[in-house]
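Worksheet for the structure shown next.
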Ligand code: FAD
Ligand code: NAD
C-alpha cells in the first residue's frame with residue numbers, strides 16, 4: 001500500500017496550522033500532504049477590520065502560502081472547493097478533483113445575513129481580503145466624491161455598522177481612527193460625518209463583561225459613534241437601511257453611503273451541502289475532532305461545532321479555538337497513521353481581547369481584565385504569537401505588529 005494521502009481544504013487558521021504541524025509530526029515517508037486554498041495567500045481574518053477601515057494595508061494581513069509551508073513536504077493547490085464526495089473519498093474542485101485517505105475541512109465562515117432583505121446586495125461584510133479591500137475603497141470613494149459630485153449628499157458620508165458584537169466594535173474602533181484622516185485628506189468638515197451602529201439587543205457587546213463593554217461603548221461614543229440599541233436592521237436599500245426599534249411598529253430609515261454588516265457568521269455551506277451530518281450548519285465533531293458520520297474526516301475552526309459539556313452553549317467560533325484544534329488534528333492524524341489511539345480535544349480558553357483602534361482595547365486574559373494601552377499591547381502580543389507559532393521568527397519579523405525591526 002502507498003503512503004496515506006492527507007488532504008487539507010482551506011488555508012485559514014485551522015487549515016494552515018494543521019498543515020504546518022503535520023510537517024513537524026510526520027516524516028516525509030509517512031504521508032503525502034496536500035493543501036487546497038482558493039487564493040495563493042493565507043490571510044489573518046482577525047486583522048480584516050483594520051484593512052476594511054484602511055488603518056492598515058490589506059497586504060499586512062496576508063502572506064504567500066508557499067512562504068510559510070514547507071513546499072518540499074506539502075503539495076499546494078490553488079483552487080476552489082466545490083463539494084466533498086465522501087462516498088468516493090475525493091474533493092471536487094473547480095478545476096479537477098483530489099482523492100484522499102484523510103480529509104481535514106477548514107473552510108471557515110461565511111457572513112450570515114439571516115435572510116434580511118437587501119443585505120446581500122446593498123451591504124458589505126468583513127469576510128476576506130477581497131471584501132475588506134472593497135469596503136476601504138468604497139468609503140474612500142465616498143469621501144473623494146463629496147466635493148466633486150454636484151449630487152453628493154451629506155448622508156453619503158454616513159457609515160452604518162450592523163451589529164455591535166466583537167467584529168462590529170473592533171471595526172468601529174478602526175473607523176474612529178481613520179475618519180479624521182480621511183476628512184483631512186478630502187477637505188471635509190468632520191462635523192458632517194455620522195458613524196451609526198445599529199444593535200438588536202439592548203447592549204453593546206452583549207456577551208462580554210459589562211464593565212469592559214461599557215468602557216468600549218463610552219470610548220467609541222466619545223469619538224462620535226452613535227449607538228442605536230434595541231434596534232434591528234430590517235432591510236438594506238441602495239440608500240441606507242430600514243431599522244425597527246423594539247416595541248415600535250414603525251420602520252425608521254437611515255440614509256447612508258456605506259453599510260457594513262457585522263451581524264453574524266455561519267459555517268461554510270460546503271460540508272452541509274456535501275451531505276455531512278450537521279448541527280446549525282456545522283460538523284458537530286467527536287471528542288477527537290472527527291465528523292460523527294465519517295471517521296476519515298476531521299473538521300477544524302468555524303466549520304466545527306464543539307460543546308464544553310452537554311447542555312451548555314457551544315464554544316464561539318474563534319481563531320483561538322481553530323489554532324488549538326489544528327494542533328490536536330495534526331497529532332491525531334499522526335496517531336492514526338502510526339496505529340495509535342487518538343487524543344481528545346481539550347480547549348484551553350486564554351481570554352478575549354478586542355481592539356478599539358491602534359491604541360485602545362479591552363480584554364480579559366487569564367481572568368485579568370485589561371483596558372487602554374495595556375490591552376492594546378496585549379492584542380498585538382496575541383497577533384504576533386500566532387505568527388511565531390505559524391512561521392517562526394522570520395514570519396514574526398516580516399509581519400509582526402510590535403515593530404521588532
Ligand atoms: P477562516 O479564517 O475563515 O479561513 C478559511 C480559509 O478557507 C480561507 O483562506 C478561505 O479563502 C478558504 N476557503 C473558503 N472557502 C473555500 C473554498 N470553497 N475553496 C477553497 N478555499 C476556501 N477570533 C479570535 O480568536 N480573535 C480575534 O481577535 C478575532 N477577530 C476577528 C475579527 C474579525 C473582523 C472577524 C470577522 C473575525 C474575528 N475572529 C477572531 C474570528 C476568527 O477570525 C475566525 O473564527 C477564524 O478566522 C476561523 O478560522 P478558520 O480556519 O476556520 O477559517
Ligand atoms: P456576533 O454574532 O458575535 O455578533 C453579531 C451582533 O449583531 C450581535 O450583537 C447581534 O445581536 C447583532 N445583530 C444580529 N442581527 C441584527 C440585526 N438584524 N440588527 C442589528 N443587530 C443585529 O458576530 P461577530 O461579531 O462577527 O463575531 C463572530 C465570531 O468571531 C464570534 O465568535 C466572535 O467571538 C469572534 N470574534 C472575536 C473577536 C476577538 O476575539 N477580538 C473579534 C471579532 C470576532
For region 137-147, does any single residue satisfy the condition of being under 23 Å from the mean Cα position of the chain (by Cα), exposed (fewer than 15 other Cβ atoms within 10 Å of the Cβ) and closer than 28 Å to residue 221 by Cα?
yes
Condition test on residue 396, is it within 18 Å of residue 13 (Cα to Cα) and in a helix (DSSP H, G or I)?
yes
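Conditions tested, residue by residue: (1) away from ligand 2 (no atom under 11 Å from the Cβ); (2) closer than 22 Å to residue 136 by Cβ.
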| residue | (1), (2) |
| --- | --- |
| 197 | no, yes |
| 211 | yes, no |
| 218 | yes, no |
| 236 | no, yes |
| 246 | no, no |
| 265 | no, yes |
Within region 157-164, identify whether any single residue is part of a helix (DSSP H, G or I), closer than 20 Å to residue 239 by Cβ and either more than 16 Å from ligand 1 (Cβ to nearest atom) or assigned by TED's automatic domain parsing to the domain that holds residue 209 (or both), and answer yes or no.
yes
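Each row is one residue, and each column tells you yes or no for (1) more than 16 Å from ligand 2 (Cβ to nearest atom); (2) more than 23 Å from residue 275 (Cβ to Cβ); (3) assigned by TED's automatic domain parsing to the domain that holds residue 292.
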position: 25; (1), (2), (3): yes, yes, yes
position: 31; (1), (2), (3): yes, yes, yes
position: 50; (1), (2), (3): no, yes, no
position: 59; (1), (2), (3): yes, yes, no
position: 67; (1), (2), (3): yes, yes, no
position: 88; (1), (2), (3): yes, no, yes
position: 95; (1), (2), (3): yes, no, yes
position: 104; (1), (2), (3): yes, no, yes
Identify the residue in region 177-205 that is assigned to a helix (DSSP H, G or I) and within 16 Å of ligand 1 (Cβ to nearest atom) and, among all such residues, is nearest to residue 258 (Cα to Cα).
178
Quick one: is residue 259 outside the structural domain of residue 142 (by TED's automatic domain parsing), touching a residue at least 40 places away in the same chain (Cβ under 8 Å) and surrounded by 15 or more Cβ atoms within 10 Å (Cβ to Cβ)?
no
Just for region 282-306: of the residues that are assigned to a helix (DSSP H, G or I) and more than 18 Å from residue 333 (Cα to Cα), which one is nearest to the chain's Cα centre (by Cα)?
302
Just one listed residue, out of 93, 107, is near ligand 1 (Cβ under 10 Å from one of its atoms), under 20 Å from the mean Cα position of the chain (by Cα) and over 22 Å from residue 241 (Cβ atoms), and it is 107
Surrounded by fewer than 16 Cβ atoms within 10 Å (Cβ to Cβ) and more than 30 Å from residue 366 (Cβ to Cβ): is that true of residue 214 in this structure?
no
Regarding residue 134, is this residue under 29 Å from residue 112 (Cβ atoms), within 20 Å of the chain's Cα centre (by Cα), away from ligand 2 (no atom under 16 Å from the Cβ) and surrounded by fewer than 21 Cβ atoms within 10 Å (Cβ to Cβ)?
yes
Within region 228-253, the residues that are farther than 11 Å from residue 122 by Cα, surrounded by fewer than 20 Cβ atoms within 10 Å (Cβ to Cβ) and touching a residue at least 60 places away in the same chain (Cβ under 8 Å) are 229, 234
Counted residues in region 349-384 being at pLDDT below 95, in a loop (DSSP other than H, G, I, E, B) and within 13 Å of ligand 1 (Cβ to nearest atom) come to 2
Can you name the condition, by its number, that residue 208 falls short on among (1) more than 16 Å from ligand 1 (Cβ to nearest atom); (2) assigned to a loop (DSSP other than H, G, I, E, B)?
(1)
If we only count strands (runs of 3 or more DSSP E) wholly inside region 1-53, which ones have 1 or more residues that are within 15 Å of ligand 1 (Cβ to nearest atom) and surrounded by fewer than 22 Cβ atoms within 10 Å (Cβ to Cβ)?
32-37, 41-43
How many residues does region 241-283 contain that are on the phi > 0 side of the Ramachandran plot and out of contact with any helix residue (DSSP H, G or I) (no Cβ under 7 Å at 6 or more places or on another chain)?
4
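The values are calculated or read from the model by the stated rules, or taken from the named source; none is laboratory data. The structure displayed is predicted, hence computed values, not measured ones. Heads up, the Cβs are rebuilt from the backbone with ideal geometry, glycines too, and the neighbour counts pull from every protein chain shown.
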